[in-house]
Amino acid sequence: MRTILIVDDEPVVRNLLVSCIAAQGYRALDAVGRAEALELVRSYPETIHLAVIDQTLEDGNGLDLARELSALQPGLRVLVTSGWLEETVMSRIQEADAMGFLQKPFKPEVLLNRIRQMLGREGTAGVGNHN
């Protein structure tokens, strides 16, 4: 089973993403912000395959957090979400091959398709999700 970490400081958004991802057979972990995400990754005993991180967090920047998490767990893929991004930030995401971007708002199907793309063929999680 693939594990996905959701980092978003908006409770409604975070809970919706966790529910959507868990319903597809992924193990969904969540963190409110930078500090909680770093602690979770440091203490989690298994591999986290993908982190979905909001660009703007109350306690930090999503791209900075992505780098910190990747240093703790090499090979971690990161999907940054945001309602807006400056072009310079967007170019930083495009230069990193383990990172992707998803513009808010998005439909659950779009998120799930993007997750499957980022995880590759092994990204399908549950029975009946093998497309």
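The values are calculated or read from the model by the stated rules, or taken from the named source; none is laboratory data. Keep in mind that what you see is a predicted model, and the values were worked out from it rather than measured. Glycine gets a Cβ as well: all are built from the backbone with ideal geometry, and neighbour counts include every protein chain shown.
Taking the condition more than 18 Å from ARG114 (Cβ to Cβ) and out of contact with any Leu (no Cβ under 7 Å at 6 or more places or on another chain), does ASP9 pass?
The answer is no for ASP9.
Only one residue in LEU63, LEU29, LEU57 is modelled with pLDDT of 95 or more and within 14 Å of the chain's Cα centre (by Cα), so which one is that?
Step by step, each of LEU63, LEU29, LEU57 is checked, and only LEU29 is modelled with pLDDT of 95 or more and within 14 Å of the chain's Cα centre (by Cα).
Okay, residues lined up against (1) out of contact with any Cys (no Cβ under 9 Å at 6 or more places or on another chain); (2) at pLDDT 90 or above; (3) closer than 13 Å to LEU5 by Cβ:
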position: GLU36; (1), (2), (3): yes, yes, yes
position: PRO45; (1), (2), (3): yes, yes, no
position: ILE53; (1), (2), (3): yes, yes, yes
position: LEU72; (1), (2), (3): yes, yes, yes
position: GLU87; (1), (2), (3): yes, no, no
position: MET90; (1), (2), (3): yes, no, no
position: ILE93; (1), (2), (3): yes, no, no
position: ALA98; (1), (2), (3): yes, no, no
position: PRO105; (1), (2), (3): yes, no, no
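Can you pull out every residue in the stretch 22-58 that is over 20 Å from GLN117 (Cα atoms), among the acidic types (Asp, Glu) and touching a residue at least 40 places away in the same chain (Cβ under 8 Å)?
Within the stretch 22-58, GLU46, GLU58 qualify.
For the stretch 4-83, which fully contained strands (runs of 3 or more DSSP E) count at least 1 residues that are among the hydroxyl-bearing types (Ser, Thr, Tyr)?
Hits in the stretch 4-83: 77-82.
Please find, within the stretch 16-36, the residue that is surrounded by the most Cβ atoms within 10 Å (Cβ to Cβ) out of those that are touching a helix residue (DSSP H, G or I) at 6+ places or on another chain (Cβ under 6 Å) and of a type in the set (Gly, Ala, Ser).
ALA31
Which residues, counting only those in the stretch 3-15, are in contact (Cβ under 8 Å) with a residue 24 or more places away in the chain and either within 20 Å of LYS104 (Cβ to Cβ) or surrounded by 21 or more Cβ atoms within 10 Å (Cβ to Cβ) (or both)?
Passing the criteria: ILE4, LEU5, ILE6, VAL7, ASP8, ASP9, GLU10, VAL13.
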